[in-house]
Each structure stands twice: as structure tokens, then as C-alpha cells.
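What follows is one structure encoded as C-alpha cells, with my remarks underneath.
The values are calculated or read from the model by the stated rules, or taken from the named source; none is laboratory data. Keep in mind it's a predicted model, so treat the numbers as computed, not measured. So basically every Cβ, Gly included, is an ideal-geometry build from the backbone, and we count neighbours across all protein chains shown.
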Amino acid sequence: MSESGTGRRTIRIASIGHAAFAATMIGFGIQGLIKRDFAPMWEPVPEGVPLRTALVYLCAVVPLATGIGLFWQRTSAAAARVLLAFLVLWLLLLRLPYMVVSWSVGVWYSSCQTAVIVAAAWVLYVWFAGDQDRQRLGFATGENGLRIARVLYGLALIPFGLAHFLYMEATAPLVPGWLPAHVAWGYFTGGTFIAAGIAVLIGVYARLAATLSAVQIGLFTLLVWVPVIASGAADASQWSEFVVSWALTAAGWVVAESYRGGPWLAAGKR
């Protein structure tokens, strides 16, 4: 953990993943305030949701304030607590219920994306939790809190992989043109997501699986979406895909870092 400054101005950077994730939250907040609309990570939001305009600003202010707070020693615990509570409510109230109403790919895939973000926020909360957090919310801190975060991450990876198999006609064209056998690559990446999710859930080679899954998401961001954005011809949908892919990369890296200090090839129970 890196800290600089003194007193109220102490900067806290626990890891590269922490810095990237906090910066991403700040970016979501700024984007929401500028566009006066939901940042890509919050979509889709049903048109009939109550107080939609207020929710737009809430989805901008909370990530912005907590993202900034995550960088400071005196506010990191409170920021992680607030961000985690907000994301858990988003998952429970605006993601999971719509999976019952509509089992479309957009609904369940976005639920898995939210679960990954929640997992990262939960790891940060465990890292920054103070004594009062550990006393009052012991179930959500320490090793138990990390276990919950990892389960959420592992559960989300499996549908990511299944989507590659179920929607290969949409997956294969995304493979960079300079790579051969696009369909084979699609099946390979789908299989690795599923394998990584299972490994994280059962604790077998979990650190290696979490790290490789984060690297895979990062490579997808770099090799698929960065060239599209750099071409200058990206439409709104492709920009959204790039932003979400980057957010998942940062979140996945935080979860992978939660295993730091542990063995890479542990094959026993967590």
C-alpha cells in the first residue's frame, strides 16, 4: 500500500487495481453529469423505473464522490462502504428482479457485469474496513467478505463464458482479423471463462484463475475495443462496450489482487 502526505491529505493507493477501479468510478460520475444520462455500466435501465432523472444523478454523484474518496486515507473506508451498499442495492433491486421478468441476454449479462463490479467494491471494503466495520458488519469483512466477493466474481464468469457458446455468431466477428480460426478462439475464450469461474468458486488454482481471467478481459479490451475506438469510426454502442470492458478489467484486477500473498497453484479449500 502506498501512502503520501500527512493528516487529512494522506493519499491511499492499495494497488494498481484499486487506483484503476477508483479512477473508473470517477469517470462514470463525470460522464453521467456531462451527459445527464446513465453511464454505460448502469445500462440497461427500464424506461418506467421511478424517479428516473433523480436516479441518473445519483448514479453520477455516488461513483464520483466515492471514487475520489477511495484515494484518501481518511475517507477510503466510508467511500468503500457507501459504494458497496449502492452497488449491492443496484444488483438486488434493478438487476436480479428483471432477470425474473425477462431472461434476455442483455438482462442477465448486465447482471453479471454488475456482479463483477460489486465483487471489486467488496474487496476494497474488506481492505479499508475500520474497527467499527469489523465489529458491526463482521459478516461482510475479513476472510468472509473476501469469500463473498470471490463467489460473486466466479458466478459472473461462468455466464460470460456460456455467452460465447450461445452467441458465437456475435462473438466470432469480434476476434481480431489478424488471428486465424475466429470460431475456435471464441470457443476457447468461452471455455476459459467457465473454467476460471469454477476454479474461483471451488478454490482450486483460484489465484491463477482470477488473474488470468482479468488478463483475458484486459486483452479483449486492448485487442478488440481499443482499435475500434482508435479508428475514429466507433458508434455509441461500441463506445459503451469499450467503457464496460475497461470497467470489468479494473474490477477483475481488484479481485485478482485479493489473492496476493497466496499460492498460485493452491488446490485445497480456501
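Checking each residue in segment 134-176 for being of a type in the set (Gly, Ala, Ser) and exposed (fewer than 13 other Cβ atoms within 10 Å of the Cβ) picks out GLY138, ALA170. Every test in (1) among the small types (Gly, Ala, Ser); (2) at pLDDT 95 or above; (3) buried (at least 17 other Cβ atoms within 10 Å of the Cβ) is passed by ALA85 save one, and that test is (3).
Per-residue answers, yes or no, for (1) out of contact with any helix residue (DSSP H, G or I) (no Cβ under 6 Å at 6 or more places or on another chain); (2) of a type in the set (Lys, Arg):
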| residue | (1), (2) |
| --- | --- |
| GLY218 | no, no |
| LEU222 | yes, no |
| VAL226 | yes, no |
| GLN238 | no, no |
| THR249 | no, no |
| ARG260 | yes, yes |
| TRP264 | no, no |
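Just one of the listed residues (TRP127, TRP90, TRP122) is among the aromatic types (Phe, Trp, Tyr), part of a helix (DSSP H, G or I), touching a Gly at 6+ places or on another chain (Cβ under 7 Å) and in contact (Cβ under 8 Å) with a residue 12 or more places away in the chain, and it is TRP122. Of all the numbered requirements in (1) in contact (Cβ under 8 Å) with a residue 40 or more places away in the chain; (2) small (Gly, Ala, Ser); (3) within 23 Å of LEU33 (Cβ to Cβ), ALA60 misses one, and that requirement is (1). The requirement of being in a helix (DSSP H, G or I), in contact with a helix residue (DSSP H, G or I) (Cβ under 7 Å, 6 or more places away or on another chain), surrounded by fewer than 17 Cβ atoms within 10 Å (Cβ to Cβ) and of a type in the set (Val, Ile, Thr) is not satisfied by ILE194. Looking across segment 30-75 at every residue that is in a loop (DSSP other than H, G, I, E, B) and of a type in the set (Lys, Arg), the one that is surrounded by the most Cβ atoms within 10 Å (Cβ to Cβ) is identified as ARG74. Residues in segment 228-258 that are farther than 22 Å from ILE30 by Cα, at pLDDT below 95 and either touching a Pro at 6+ places or on another chain (Cβ under 7 Å) or surrounded by 15 or more Cβ atoms within 10 Å (Cβ to Cβ) (or both): VAL228 alone.
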